[in-house]
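Please read the structure below before turning to the comments.
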């Protein structure tokens, strides 16, 4: 009987393999000798892995904090309203000209052709609800963006330089804040004209003092911190220190207030339209409420649905702002 075939490994190869493994062990010990024996030493590769792990873990925690039921509900509401604003011609059963035209069936009840009923001049309420979303977001988002940009710039300048610059800027803000915002906006619109650009500008200007005050308080606390002093000693200019070093560390409350105040501006826009200060060429929920307020008993659907859309839109932004606050500042989650 023949013996099974065997491969003979040269002795020189086995010796070389053992020497190679011993070399790897000694190299690893030499590389990590300080990390193993010296207390407080840090391994660079291990520290980089720990930092990356903590960064990803922290991001996952923030996403989990953002995934609350009410926050998701707010996001859904905002997406629905945003879909109405971006794709009204696809969603609406009637085009804009018909929704804003003069038809038959004045204050008609809900029917097959008009599921939510008809308003003034027989206009379809469902179509006006959909097209009204575009008017609300078109005014609210640019107006609050203008308020944030100008208010943050003025607030940072006032807090950083202080002295007479701070006094002048803050006294002007106090004057604007002393007047009722809705009445002051109505006066501006009446003077400049009832066009959408003037409405956005009026609401945007009135929001500047709030954001200037908000950012000023945070900058006053941050301008004397060590990292600001280090930037100043390193030769950084004032503008670089203000908007590159201080502002990113103070912008968190502004982001949260931005989300909250979108709903407030939509309410202000509806209030102005209810009082008659609106662009007559646009479809606005507040204007529809104003037109139907005298027909609450005979045509309640004409005032209910525009008010319902205002409620959903404001509620969506409020819930999103609440969730954003909890995600950015987890200390408030347990309050």
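The values are calculated or read from the model by the stated rules, or taken from the named source; none is laboratory data. From a predicted model like this one, the values you see are computed outputs, not experimental measurements. Here Cβ is always computed from backbone atoms with ideal geometry, including for glycine, and neighbour counts include all displayed protein chains.
Say whether the condition of being at positive phi and at pLDDT below 65 is met by at least one residue in region 48-64. Taking every residue of region 48-64 in turn, none turns out to be at positive phi and at pLDDT below 65.
The condition of being farther than 25 Å from residue 168 by Cβ, surrounded by 14 or more Cβ atoms within 10 Å (Cβ to Cβ) and in contact (Cβ under 8 Å) with a residue 24 or more places away in the chain holds for only one of 243, 260, 210, that being 260. Screening region 282-319 for residues that are touching a helix residue (DSSP H, G or I) at 6+ places or on another chain (Cβ under 8 Å), touching a residue at least 24 places away in the same chain (Cβ under 8 Å) and outside any helix (DSSP H, G or I) and picking the one that is surrounded by the most Cβ atoms within 10 Å (Cβ to Cβ) gives 284.
The residues of region 77-132 that are surrounded by 15 or more Cβ atoms within 10 Å (Cβ to Cβ), out of contact with any helix residue (DSSP H, G or I) (no Cβ under 7 Å at 6 or more places or on another chain) and at positive phi amount to a single one, 122.
Checking each residue in region 96-113 for being under 35 Å from the mean Cα position of the chain (by Cα), over 13 Å from residue 135 (Cβ atoms) and in contact (Cβ under 8 Å) with a residue 12 or more places away in the chain picks out only 98.
Based on what the data block shows, is residue 229 within 24 Å of residue 274 (Cα to Cα), out of contact with any helix residue (DSSP H, G or I) (no Cβ under 9 Å at 6 or more places or on another chain) and either without any contact (Cβ under 8 Å) to a residue 24 or more places away in the chain or surrounded by 15 or more Cβ atoms within 10 Å (Cβ to Cβ) (or both)? Judged against the criteria, residue 229 is not a match.
Residue count for region 183-218 under the criterion of being closer than 16 Å to residue 281 by Cα and either in contact with a helix residue (DSSP H, G or I) (Cβ under 7 Å, 6 or more places away or on another chain) or part of a loop (DSSP other than H, G, I, E, B) (or both): the result is 8. In contact (Cβ under 8 Å) with a residue 40 or more places away in the chain, under 30 Å from residue 223 (Cα atoms) and either part of a helix (DSSP H, G or I) or touching a helix residue (DSSP H, G or I) at 6+ places or on another chain (Cβ under 7 Å) (or both): does that describe residue 172? Against the criterion (in contact (Cβ under 8 Å) with a residue 40 or more places away in the chain, under 30 Å from residue 223 (Cα atoms) and either part of a helix (DSSP H, G or I) or touching a helix residue (DSSP H, G or I) at 6+ places or on another chain (Cβ under 7 Å) (or both)), residue 172 does not qualify.
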